[in-house]
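The values are calculated or read from the model by the stated rules, or taken from the named source; none is laboratory data. No experiment lies behind these values; they were computed from the predicted model shown. Cβ atoms come from the backbone with ideal geometry, glycine included; neighbour counts cover every protein chain shown. Ligands, DNA and RNA are stripped out before the accessible areas are found, and what is left, the full protein with its side chains, is counted by its heavy atoms. Shrake-Rupley method; radii C 1.70, N 1.55, O 1.52, S 1.80 Å.
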Amino acid sequence: MLEVRGLRKAFSGFVAVDGVSLSVATRQIAAVIGPNGAGKSTFFNLITGHLRPDSGTVLLDGRDITGVPPHRICGMGVGRSFQRTNIFARLTVFENIQAAFLAHRGRGRDFWSRSESFYRDDTAALLMAIGLGHEADTVAGTLSYGNQKQLELGIALASEPSVLLLDEPTAGMSASETHEAIRLIDRIAGERELTVLFTEHDMEVVFGIAEKVAVLYQGRLLAEGTPAEVRGDPEVRRVYLGEHA
Amino acid sequence: MPASLVFSQMMSGLTTAMFLFLIASGLSLVFGVMRVINFAHGSFYMVGAYLAWQVVHWLHPIGPSFWLAALAAGLGVALLGGVIERLLLRHLYGVDELYQLLFTYALVLILGDAAKFVWGTDQLSVSAPPALAGGIQIFGTTQPLYSLFMIAIGPLIAVVGWLVLTRSGAGRLMRAAAHDREMLGALGANVGVLYTGMFVVSSFLAGLSGALVTPIQSIVPGMDVLIIVQAFIVVVIGGMGSFWGTFWGSVIYGEVLSFGILVFPSFSLFSVYALMAVILILRPWGLFGQPLR
Amino acid sequence: MSERRAISAPTGEGVIPGKPPASAAVVRPRLARGVPWILIVFLIALTLPWVGSRYDTFLGTQIVIDALFAVSLNLLLGTTGLVSFGHVAYFGVGAYVCGILMKTYGVPFALAFPAAGLGAALFALVSGYFCVRLTRLYFAMLTLAFSQIVWAIAYKWNSVTGGDQGIPEIPYPHLDWMSAIPGLADLGISQRFYLLTLVIVAISFAVIRRIIRSPFGRMLTTVRDNPERAAFIGVNVRAYELAAFVIAGGFAGLAGALYGIFSRGVFADYVFWSKSAEVIIMTILGGINYFWGPPIGALVLVWLNQQITDYTQYWPFVLGVLLLVLLFLFPGGIAGGLAAGWRYLKSRRAPRRA
């Protein structure tokens, strides 16, 4: 479904991503892990069009989407959540999701109708699905951190993606919140038959739901395989045991 | 065009350039480190000019006091800047840039009228110090001594400033702050004091240049707006926060202005803004600046 | 990370961080439903020529025109999060286009007026194309540069714009047809023009409000709150910003056209950068977070100007102090203050309902 070949990006001499290749099969849940500075976020940014790669290709379901700008990639079925919570802080939760629907379904050129009348049922349904139904009228900026992350997932889902890229979806969460978030992602991915690629620091999370794990280190792909395979890989152990006490 | 005319224009352009450099360097300094565009910088310049006039006026019975007045002007405006920064500006750090811009604009309004209130609307002027009055003959033209002084002072201050920036501890702090404020604070450097210091230095430069310009230009209301726009343009051409950029930007602007007026009398007004627009469109970070993070 | 950030904090009114949000769930104030408040205000405004003096009508015309100018700016500021320091450029282009067409070429108002709006919108399209490519500080400076270019052209192009003499004695539009409407026959030309202006501005408000509430407007607010996120729900941020810029410019041009006729002339200093700052102050004073904020700001500022200039010539000083007070104490402006007061009252009343 998602295939990355030889992606490379350098910033004034510093090579952030160095010839990384990865493929994620349809409906697979895959994780990209690696220590800080390994290039995970840059890698994501290259896939989603926020950065243009120096070389390499990104294929979505066989189509070349390398370097396509973010607002068009979204329309092609790629959804993304960001590391730092990215929501529309001054809109209500309901309006956040509704806006995503409006954008995705091409209503943005409508200058005349009242925006609040569109897609109310779909918005409500999605809110229930991600567990924020009771917060529909809350201004998004006042939500708790965990709820904001949920909302962010919701916004990504509103674009009706086939591939979901989640950048550190459980960053900053407590153990129980993390558990909740992972349950949610797992369930939604199953219900909507999504392909998921996420980055994470938390190993428990990764080994909990990932079917495939790729390890990035200093911009290069260090190892790739099932969680068990990766866990046992000596290189990976060196990197992680060397890095963490 | 006769060579003497070219020479004259070139010298005149350089004089303008050095003044602008003095002023623009303060503006660029504050922007580079604090990311604040201080619209009121031109007002500080104007206040410096008025203060210099005032001191000369008071000390007139005693004798000529140009240098003392210039120093007093610089210090006076430095004090003003320090007070403003401590009491007001510091509450706006980290807040949306729009509010900082509007704050400095409010200062322009307030200081402009305050100056009118104190000194009235008549043109005032200050004579050059006796040592620098008069002129000398070069290449068949008479160059005012005072202009030559300014042309010499500019690069001198540039070099001194450059040395301070690159060699001193304070300079290192400033350059570090320009790159990453938060990191600096985390390292324990007292960012608050640094900012106040920078603002005070910048204000001193503004006040001093205002005082120094008085033998060449009359002091009038509206000189604050006129100068800030030009300083803006210089800083944009040279690149925000770039020290040498400001220097060369001033030179380029000064010469373009000087020769442009010869060719098109209506040149200055339109072309200056057009130049600014073109630079912003093509290369917003100017000749020497860095693209904004 | 992008340099752009929302103009206001997520909650509450205005921006100073560290200020606690107004309340956990912010409820947008709604006055009693079913009462057409706007209509009532409009009808009251209509009665001004009869209820007030000629001078009051004069002030009223200025307020209404400034209100349109400020509302057009707020489409950029409050709705899209774009800070333009050169909005007066489009006001000026509109004023000159209408003035030149009417005075020099004798074009009737009915044609010159829309032409002014179109001309301003066109200029906004060209200048905006370059401006929206820049991040916000540079964006602000480029808008300023364009605005000063307009000023410089207006000041120097004697043959077309009259240079520093400007275009004096712009004729009023033919308003004789108003005599046919019962009750209007006795009104002088300036009073008739007030009514015409009021109606035009009211229609403009209705259109702008419609646009803000439309899906297009919703997209603009996403750009304001989080351009990065907006891009990733499928919004072409630059295209939307440019569209907002053009619409705002067009309406500013209409305001300028009206102003030229109202002040019986168009002069270069209408386009000086200080005017842009004045309209920004007016908008913030009224409150950028509410549609009716800017018109309130226009009302208060024009009234304040009249009061102050009777006593002192130091209007810029007052303006500066006012701005300082707003920035530090009331960033939400008047509308923001009223809304906060409203919420407070509602929260006091709530326990009784339980």
Hey, can you tell me all the residues within segment C:192-211 that are of a type in the set (Val, Ile, Thr) and within 14 Å of chain A (Cβ to nearest Cβ)? C:VAL207, C:ILE208, C:ILE211
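Looking at A:ALA158, A:ALA140, A:ALA228, A:ALA189 in this structure, which one is in contact with a His (Cβ under 9 Å, 6 or more places away or on another chain) and aliphatic (A, V, I, L, M)? Steps first, please.
Values: A:ALA140 fails: in contact with a His (Cβ under 9 Å, 6 or more places away or on another chain); A:ALA228 fails: in contact with a His (Cβ under 9 Å, 6 or more places away or on another chain); A:ALA189 fails: in contact with a His (Cβ under 9 Å, 6 or more places away or on another chain).
From the options A:ALA158, A:ALA140, A:ALA228, A:ALA189, the qualifying one is A:ALA158.
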Out of A:ARG90, A:ARG84, I need the residue that is part of a loop (DSSP other than H, G, I, E, B), facing chain C (nearest Cβ under 8 Å) and open to solvent by 40 Å² or more (accessible area, probe 1.4 Å). Which one? A:ARG84
Which of the following residues is touching a strand residue (DSSP E or B) at 6+ places or on another chain (Cβ under 7 Å) and of a type in the set (Phe, Trp, Tyr): B:TRP58, B:TRP67, B:TRP53? B:TRP53
Quick one: which residue in C:VAL71, C:VAL88, C:VAL132 is more than 25 Å from C:ARG192 (Cα to Cα), within 14 Å of the chain's Cα centre (by Cα), open to solvent by less than 10 Å² (accessible area, probe 1.4 Å) and not aromatic (Phe, Trp, Tyr)? C:VAL88
Examine segment A:123-130 for a residue that is at the interface with chain C (Cβ under 10 Å from one of its Cβ atoms), of a type outside the set (Phe, Trp, Tyr) and open to solvent by 30 Å² or more (accessible area, probe 1.4 Å), and state whether such a residue exists. no
Any chance you could count how many residues in segment B:229-287 are at pLDDT 80 or above, within 12 Å of chain C (Cβ to nearest Cβ) and either more than 25 Å from C:VAL150 (Cβ to Cβ) or in contact with a strand residue (DSSP E or B) (Cβ under 8 Å, 6 or more places away or on another chain) (or both)? 0
Consider segment C:143-174. How many of its residues are open to solvent by 50 Å² or more (accessible area, probe 1.4 Å) and within 10 Å of chain B (Cβ to nearest Cβ)? 5
The listed residue being in contact (Cβ under 8 Å) with a residue 24 or more places away in the chain and either in a helix (DSSP H, G or I) or under 11 Å from the mean Cα position of the chain (by Cα) (or both), out of C:ILE308, C:ILE261: C:ILE261
For C:ALA231, only one of the following conditions fails: (1) surrounded by 18 or more Cβ atoms within 10 Å (Cβ to Cβ); (2) in contact (Cβ under 8 Å) with a residue 40 or more places away in the chain. What is its number? (2)
Pairs where the first residue, in segment B:82-93, is within 12 Å of chain C (Cβ to nearest Cβ) and the second is in a helix (DSSP H, G or I) and open to solvent by 60 Å² or more (accessible area, probe 1.4 Å), C-beta under 7 Å, 6+ apart: none
State which residue is nearest to the other protein chains (Cβ to nearest Cβ) when the search covers only segment B:96-127 and only residues that are surrounded by 19 or more Cβ atoms within 10 Å (Cβ to Cβ) and in a loop (DSSP other than H, G, I, E, B). B:ASP96
Only one residue in C:ARG238, C:ARG218, C:ARG224 is within 27 Å of A:SER117 (Cα to Cα), of a type in the set (Lys, Arg), within 12 Å of chain A (Cβ to nearest Cβ) and free of Cβ contacts under 8 Å to residues at least 40 places away in the same chain, so which one is that? C:ARG218
I need the full set of residues from segment C:184-200 which are modelled with pLDDT under 90, in a helix (DSSP H, G or I) and open to solvent by 30 Å² or more (accessible area, probe 1.4 Å), in order please. C:ILE189, C:SER190
Scan segment B:1-29 and report the pairs whose first residue is surrounded by fewer than 24 Cβ atoms within 10 Å (Cβ to Cβ) and whose second residue is charged (D, E, K, R), with Cβ atoms within less than 6 Å and a gap of 6+ or a chain change. B:GLY13/B:GLU255
So B:GLY74, is it in contact with a Gly (Cβ under 6 Å, 6 or more places away or on another chain), open to solvent by less than 70 Å² (accessible area, probe 1.4 Å) and of a type in the set (Gly, Ala, Ser): yes
Number of the condition not met by C:TRP177 [criteria: (1) closer than 16 Å to A:PHE101 by Cα; (2) open to solvent by 20 Å² or more (accessible area, probe 1.4 Å); (3) among the hydrophobic types (A, V, I, L, M, F, W, C)]: (1)
For A:LEU60, all conditions in the list (1) of a type outside the set (Gly, Ala, Ser); (2) farther than 23 Å from A:GLN150 by Cα; (3) open to solvent by 40 Å² or more (accessible area, probe 1.4 Å) hold save one; what is the number of the exception? (3)
Filter result for the condition that a residue is within 14 Å of chain B (Cβ to nearest Cβ) and without any contact (Cβ under 8 Å) to a residue 60 or more places away in the chain, over C:LEU301, C:LEU327: C:LEU327
Single unsatisfied condition, A:GLY79 versus (1) under 30 Å from A:HIS201 (Cβ atoms); (2) part of a helix (DSSP H, G or I); (3) more than 7 Å from chain C (Cβ to nearest Cβ): (2)
Among (1) farther than 13 Å from C:ARG218 by Cβ; (2) over 18 Å from the mean Cα position of the chain (by Cα), there is one condition A:SER117 misses while meeting the rest; what is its number? (1)
